[in-house]
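Shown next, in structure tokens, is the structure this report addresses.
The values are calculated or read from the model by the stated rules, or taken from the named source; none is laboratory data. Bear in mind the structure is a predicted one, so any value in this text is a computation, not a measurement. Cβ placement follows ideal geometry from the backbone for every residue including glycine, while neighbour counts extend to all protein chains displayed. In case anyone asks, the SASA skips ligands and DNA or RNA and just uses the protein heavy atoms, side chains included. Shrake-Rupley method; radii C 1.70, N 1.55, O 1.52, S 1.80 Å.
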Number of protein chains: 2
Amino acid sequence: MAVVGTGLIGTSIGLAVSRHGVTVHLLDKDEVAARTAAALGAGVVGASDEQVDLAVLAVPPSAVGEVLAEMQARGLARSYTDVASVKAQLARDIRTSVDVPSSYVGGHPLASSEHCGPLAARADLFEDRAWVLTPSETTSQDAVNRVFEMIALCGAIPVIMESGAHDNAVALTSHAPHLVASLMAARLRHSPREAIRLAGQGLHDMTRIAVRDTGLWSDILQANGPAVAGVLRGLRDDLTTLLATLDDLSSTPQDMRSQSLDPLVDLLDRGAAGLAAIQGRQAADRQTRVEVQVAEGPGQLVRLLDTLKTFHVEAEDVVPRHSPEEGTLSLTFAVQPTRAGQIVLELGRAGWNAESLDPVSGARQRKIVSVLAPRAA
Amino acid sequence: MAVVGTGLIGTSIGLAVSRHGVTVHLLDKDEVAARTAAALGAGVVGASDEQVDLAVLAVPPSAVGEVLAEMQARGLARSYTDVASVKAQLARDIRTSVDVPSSYVGGHPLASSEHCGPLAARADLFEDRAWVLTPSETTSQDAVNRVFEMIALCGAIPVIMESGAHDNAVALTSHAPHLVASLMAARLRHSPREAIRLAGQGLHDMTRIAVRDTGLWSDILQANGPAVAGVLRGLRDDLTTLLATLDDLSSTPQDMRSQSLDPLVDLLDRGAAGLAAIQGRQAADRQTRVEVQVAEGPGQLVRLLDTLKTFHVEAEDVVPRHSPEEGTLSLTFAVQPTRAGQIVLELGRAGWNAESLDPVSGARQRKIVSVLAPRAA
């Protein structure tokens, strides 16, 4: 295969595919980039004498059409794909401007990094990530299958989408968030020194994705402007309501404030719901609760929390309960119904007194173990 | 000492201070929380018979005044501090409503976690973090010194600030960013399933701090509303400009777009500058560049990059250079002038041909080693 454009994405594809013994030909108009990618082990510099099966055009979105036409004209490959994060306009351009549109299938690997350039490339960049393909009616099945093969070699998961649906989705999950991070980061430009000193991990994480590559993002926003603007308009409406609420609060006496807080509480609640949506949390009422008794003695609670972490049950999802009659402390937490049995069983094996509670009545369903204190750690 | 309120912060303080042999008395109107904190090793449940030196009121911002008055009335401690993230209004309230305002010094540990409750507590939560104190003219030096001692036991770094300056700083670095994360997360509430599937680490990091504890944040925003609104109003102005630019772009023919991109590029640039400000990066022109030759042979570039990482030089900050005459590849990167000498020396010891370049002319300052190829790895 061939990779045209040996930046972060192109070089990472080369590294991933080369591991499996496939020869990758690296092309870049910047010869240093191509040589660097080759030195990292991503392939060999320069085109093959023979036509390759697949060429990946890992060039900026606005250059894909032109590079595709050029590479088709010199017969570089039998099939082509790209890695641009906006697909619909590109598909329209290619349909009208390219000789053999059937040999091209739009692609977008969902791998992100705030770094760029070949030196930041990693063979495992795509592992377990989604890789969207947006074939049109004219795309040949051969082209799609060749890209499937490359995606498999990269350890990624193919997702077929209609190009417009893809663009709307990434406007919401990637393009708008990047711009919102930039909007927040722009506020920090002339921060007093003492404010910077108080900046914590939360602020760093929130602004980390602020756009640095202005050229790339101008491309993206030109191609996906209306979808991104749609998301940001909704956000601006919420922001306007929030500002009005904050102004109201300042002018309302403290004891009359509870009602004027409503729009604020509504926004925060919707934010929490959105967070739960992307974190894939299930509603608590669709989960099974598990109760574990904490054994008496120093360190037992810490030991139990460590054990729960191995089941991906985090401390924040755990509710402590104290029984004054029995003088015992127990922890309850909610897990997916399919996982509850296994967790109770393994906690029992580790010596803890655990049981799952009926999701509706809260009654104890089954008592797996009756050991009251855990075995020695 | 005593901790009143054994949530995440109070319990973490108890854990940190207890490590050093100080007896911590844990009070919470929720007895389960106090018992849980005690079971974790944060101290003993219930007040001491004798007056303690220091009580930390780790209760919600709106409760601090009332709890302080109550604890002073029962003579719990000689000095008091709190952990609320808004300080100016609280200071005013306390000055007028509390019997002995001199025994209180406002405090705010800059430790964050998206988790809450005693089970999420960690003894090292405050390590190397800033801990702001906002003493007023009436605050006794004894009170400040007792809090200094506790901060030292927690491994944190004290920062003295005027309460209003503190509130403006956290509006910018914490309160506004949390709300912006909520605004973005709120957009994701009814995302199509396929969009959620495309959500990557960037989106997760950006929205992670979206507010979940509505009660706490209503407190914070009531107390710091004007400062937060000031930050958000600036952000809304930028957002309005951005939306107008996106609309313009959609209606401008492709070949006439470069000028209408200006406001967008300006915003992205300001965002990048803000990011650089909080990441504490120095301007490149105040740095010394170092150049290292990559030895010939497979794996040498990867080995060099791994070595550079041990000096905290990341791949994204490294620029490759290819010399066509000599057929060699070299890397250059910028570091703080004070670190350049040491890095060149250690690279030389590891067998690399490295030199630092004059920051003004780019001329080679000194050649530390003249080995052309590194010694065997």
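Summary table below
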{"read-out": "Enumeration of residues in segment A:139-159 that are of a type in the set (Val, Ile, Thr) and open to solvent by less than 70 Å² (accessible area, probe 1.4 Å)", "value": "A:139, A:144, A:147, A:151, A:159"}
{"read-out": "Residue B:216 vs. criteria touching a residue at least 12 places away in the same chain (Cβ under 8 Å), buried (at least 19 other Cβ atoms within 10 Å of the Cβ) and in a helix (DSSP H, G or I)", "value": "no"}
{"read-out": "Which listed residue is under 22 Å from residue B:212 (Cβ atoms), in a helix (DSSP H, G or I) and at pLDDT 85 or above, from A:308, A:345", "value": "A:308"}
{"read-out": "Leading residue by the ranking (surrounded by the most Cβ atoms within 10 Å (Cβ to Cβ)) among those in segment A:219-262 that are in a loop (DSSP other than H, G, I, E, B) and at the interface with chain B (Cβ under 10 Å from one of its Cβ atoms)", "value": "A:252"}
{"read-out": "Residue that is crowded, with 16+ Cβ neighbours inside 10 Å and either at pLDDT 90 or above or more than 12 Å from chain B (Cβ to nearest Cβ) (or both), where the choices are A:356, A:370, A:330", "value": "A:356"}
{"read-out": "For residue B:201: the one exception among (1) in contact with a helix residue (DSSP H, G or I) (Cβ under 9 Å, 6 or more places away or on another chain); (2) open to solvent by 20 Å² or more (accessible area, probe 1.4 Å); (3) within 7 Å of chain A (Cβ to nearest Cβ)", "value": "(1)"}
{"read-out": "Cross-chain or 6+ apart pairs with Cβ under 7 Å, segment B:190-203 first and β-branched (Val, Ile, Thr), then not in a loop (DSSP other than H, G, I, E, B)", "value": "B:196/A:277; B:196/A:278"}
{"read-out": "One residue from B:112, B:136 being assigned to a loop (DSSP other than H, G, I, E, B), closer than 27 Å to residue B:38 by Cβ and open to solvent by 20 Å² or more (accessible area, probe 1.4 Å)", "value": "B:112"}
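This table checks each residue for (1) modelled with pLDDT under 95; (2) away from chain A (no Cβ under 11 Å); (3) in contact with a Pro (Cβ under 8 Å, 6 or more places away or on another chain).
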residue: B:131; (1), (2), (3): no, no, yes
residue: B:145; (1), (2), (3): no, yes, no
residue: B:154; (1), (2), (3): no, yes, yes
residue: B:181; (1), (2), (3): no, no, no
residue: B:184; (1), (2), (3): no, no, yes
residue: B:193; (1), (2), (3): yes, no, no
residue: B:197; (1), (2), (3): yes, no, no
residue: B:208; (1), (2), (3): yes, no, no
